Amino acid sequence: MPPPPPPLTVICSEMELEGIEGSLVLIKQGAEARVFESTFVGRRSVVKERFSKKYRHPLLDSKLTLKRLNAEARCLTKARKLGVSTPALYAVDPVLHALTFEYVEGPAVKDILLDFGLHGIVEERLDDIAAQIGDAIGKLHDGGLIHGDLTTSNMLVRIEDKAVDLYVLERALLSMHSSCGNVLEKVLLDTFGYFIRNMQSDFSSAVKMVFHNGPYPCCIQEILEAVVCNLEQASSSTTKRKKTHNDWMSSSPFSRTR
Amino acid sequence: MKSFEIGIGGISLSLALFVDVTNSKELLELMQAGTLEPEVAFLNASLVPVVFPVLAAAYKTLVAKSRESLTTRTLHSELVYNYSGSKHISESLKRCGISDSTTYILAARFGASSDEMTAIKGHIKGTEIGLDELETRADRAQIHKHYKISVPELGISSVSDAIICRISARDAL
C-alpha cells in the first residue's frame with residue numbers, strides 16, 4: 001500500500017508571488033481555482049487564485065481569466081447592493097488573477113444538513129436557513145443575477161456576532177444625555193434580551209436602518225421609536241408575503257400535500 | 001499616531017488624526033507645489049469610519065508601486081486616489097483628500113520614522129486625537145452618498161466592508 005498523500009498545505013515562497021509577503025495555506029482546489037487561507041493586513045482572509053489553463057493559447061487564456069475575475073468582482077458588489085450577504089472583497093489582483101476575501105467563520109449549509117442527518121433535525125434552525133436561502137436567491141434573481149452553482153456546499157452560515165449589535169446601541173446610550181438615567185438603561189437591556197432571543201436578525205436590521213438615516217438619534221426615545229417603527233414595517237411586509245404565498249399554495253391544482 | 005504593517009515589502013503605514021485644523025489651505029498649496037516635506041497623504045477623515053479601509057487602499061497602493069504601475073504622480077497621492085470608489089482621478093483626489101475648508105484630517109505616510117511623523121504634525125495647525133475617535137466623528141451621510149451605499153447593503157454589511165468592496169473592486173468594474 002502506498003503511503004497516504006501528504007495533507008494539502010502549501011506554504012508560498014516569496015519567489016512565487018513576486019515579493020508579495022504573506023503565507024498561503026491551500027484549503028481547496030477546484031476545477032477553476034485554488035483557494036488559500038492567508039492574512040490581509042492582519043486579518044484572516046481567503047485568497048482565490050484562478051489558474052491558467054495550459055491547453056489554451058496564452059493570450060486567450062490571460063484575457064479569459066481576467067474577464068472572469070472582473071466579472072466575479074462585479075457580481076459580488078452587485079449582490080451586496082441587492083442586500084445579499086457575501087464575504088467582503090478585500091483585494092483584486094489582475095496580475096496573479098487572485099481575489100482576496102474576508103474569511104467567513106462558520107459551517108457550510110451542507111455540513112449543517114449532514115449534521116441534521118446524523119443527530120436529528122432542529123426544525124427551527126432548518127426553517128430559518130431555508131428562509132434565508134430563499135430570501136437571498138430571490139434577491140439575486142430580482143436583481144437580474146444568476147448564481148450558476150447553487151449548492152449547499154457554496155453557502156456558509158456566518159456565526160453571528162451578537163455583541164456587535166449591543167455595541168452599536170451601547171455607543172448610542174453613552175452619547176445620550178445623562179438626564180435619562182439608569183431606568184431607561186435597564187428597560188432597554190431587558191428589551192435587548194427579548195430581542196436577542198426572539199428577533200435577532202430583524203432587530204439588527206432595524207437598528208442598522210436607524211443609524212443609516214443620518215447621524216445618531218440624540219436620545220433613547222428617538223432610537224426606540226425608530227427601531228420599533230422599522231420592526232413593524234419589516235414584520236408587516238413578511239406577514240403579507242406569507243399570506244399570499246399560502247393562498248397561492250392552496251388554490252393551485254398542483255399544491256403538494258405535506 | 002499609530003503604525004500598521006501592510007504586508008508588502010515590510011512597509012508600514014503611519015496614521016495620525018487631527019481636528020480643528022485651521023491651515024488646510026496652506027497644506028493644500030504646499031502639497032500641490034510639491035514642497036511639503038516629508039511627503040504625506042491627507043485624507044478627509046469624515047469619510048473614514050474605521051482604519052481598515054485605509055489599510056486596504058494602502059495595500060493596493062504598495063502593490064501598484066511594486067509593479068511600477070502608479071496611476072497618480074506620487075505614492076501618497078495614489079493612497080488618496082485608492083481610497084475612492086471612483087476611477088476619476090481628480091474627482092477622487094478632491095473628495096477623499098482635503099479642501100481649503102477641511103478641519104478634520106487623517107494624515108498618512110508610508111514607512112515613516114518618528115522624526116518624520118513629528119515633522120508632519122508640526123505642519124498641521126490642529127489638535128491630534130486618537131484613531132478610536134474615527135468612528136464617532138465619521139460623517140455617515142457623506143459616506144453613504146460618496147460610496148453610493150444602499151439601505152439593503154447596510155442590512156448585510158458594515159460600512160467598513162462596504163467601503164473596502166468598492167476600493168478593491170473599483171478597477172474591475
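Please tell me if B:Thr35 is modelled with pLDDT under 95, within 27 Å of A:Val95 (Cβ to Cβ) and of a type in the set (Val, Ile, Thr).
When the stated conditions are applied, B:Thr35 does not pass them.
Listed conditions (1) touching a residue at least 12 places away in the same chain (Cβ under 8 Å); (2) surrounded by fewer than 18 Cβ atoms within 10 Å (Cβ to Cβ); (3) farther than 17 Å from B:Thr118 by Cβ are all met by B:Ile6, apart from (2). In this structure, B:Ala169 qualifies as farther than 20 Å from B:Thr22 by Cβ and assigned to a helix (DSSP H, G or I). When we screen B:Ile120, B:Ile105 for residues that are more than 21 Å from B:Ala162 (Cβ to Cβ), modelled with pLDDT of 95 or more and touching a strand residue (DSSP E or B) at 6+ places or on another chain (Cβ under 7 Å), the only hit is B:Ile105.
Scanning region B:25-50 for residues that are among the polar types (S, T, N, Q) and in a helix (DSSP H, G or I) yields B:Gln32, B:Ser46. Within the set B:Glu128, B:Glu116, B:Glu135, the sole residue that is within 20 Å of B:Glu37 (Cα to Cα), in contact (Cβ under 8 Å) with a residue 12 or more places away in the chain and assigned to a helix (DSSP H, G or I) turns out to be B:Glu116. Looking at B:Ser84, B:Ser77, just one residue is of a type in the set (Gly, Ala, Ser), more than 14 Å from chain A (Cβ to nearest Cβ), in contact with a helix residue (DSSP H, G or I) (Cβ under 7 Å, 6 or more places away or on another chain) and not in a helix (DSSP H, G or I), and that residue is B:Ser84.
One line per residue, one yes/no per condition, for (1) surrounded by 14 or more Cβ atoms within 10 Å (Cβ to Cβ); (2) away from chain B (no Cβ under 14 Å); (3) part of a strand (DSSP E or B); (4) over 25 Å from the mean Cα position of the chain (by Cα):
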{"site": "A:Thr39", "(1), (2), (3), (4)": "yes, no, yes, no"}
{"site": "A:Ser62", "(1), (2), (3), (4)": "yes, yes, no, yes"}
{"site": "A:Lys67", "(1), (2), (3), (4)": "no, no, no, no"}
{"site": "A:Ala71", "(1), (2), (3), (4)": "no, no, no, no"}
{"site": "A:Thr86", "(1), (2), (3), (4)": "yes, no, no, no"}
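When B:Leu93, B:Leu55, B:Leu62 are checked against the criterion of being under 25 Å from A:Thr77 (Cβ atoms), surrounded by 16 or more Cβ atoms within 10 Å (Cβ to Cβ), free of Cβ contacts under 8 Å to residues at least 24 places away in the same chain and hydrophobic (A, V, I, L, M, F, W, C), a single residue qualifies: B:Leu93. Among the residues of region B:28-43, those identified as crowded, with 22+ Cβ neighbours inside 10 Å and under 11 Å from B:Ile98 (Cα atoms) are B:Ala41, B:Phe42, B:Leu43. For region B:140-158, enumerate the residues that are under 16 Å from the mean Cα position of the chain (by Cα) and under 17 Å from A:Thr86 (Cβ atoms). Across region B:140-158, the qualifying residue is only B:Tyr147.
Taking (1) touching a helix residue (DSSP H, G or I) at 6+ places or on another chain (Cβ under 7 Å); (2) at the interface with chain A (Cβ under 10 Å from one of its Cβ atoms) in turn, B:Tyr147 satisfies each apart from (2). I'm checking my understanding of the structure. Among residues of region A:42-60 that are hydrophobic (A, V, I, L, M, F, W, C) and under 26 Å from A:Thr86 (Cα atoms), which one is nearest to the chain's Cα centre (by Cα)? Among those residues, the one meeting the criterion is A:Val46. The one condition from (1) within 28 Å of A:Leu89 (Cβ to Cβ); (2) more than 8 Å from chain A (Cβ to nearest Cβ) that B:Ala172 does not meet is (2). One residue alone among B:Lys125, B:Lys148 is of a type in the set (D, E, K, R) and under 30 Å from B:Glu26 (Cβ atoms), and that residue is B:Lys125. Here region B:48-74 is the region considered, the condition is being of a type in the set (Ser, Thr, Tyr) and more than 11 Å from chain A (Cβ to nearest Cβ), and the residue that is nearest to the chain's Cα centre (by Cα) is B:Thr61. Of the candidates B:Arg137, B:Arg166, the single residue that is more than 26 Å from A:Lys81 (Cβ to Cβ) and within 11 Å of chain A (Cβ to nearest Cβ) is B:Arg137.
The values are calculated or read from the model by the stated rules, or taken from the named source; none is laboratory data. What you see is a predicted model; the values in this text were computed from it and never measured. Note: ideal-geometry Cβ built from the backbone for every residue, glycine included; neighbour counts use all protein chains shown.
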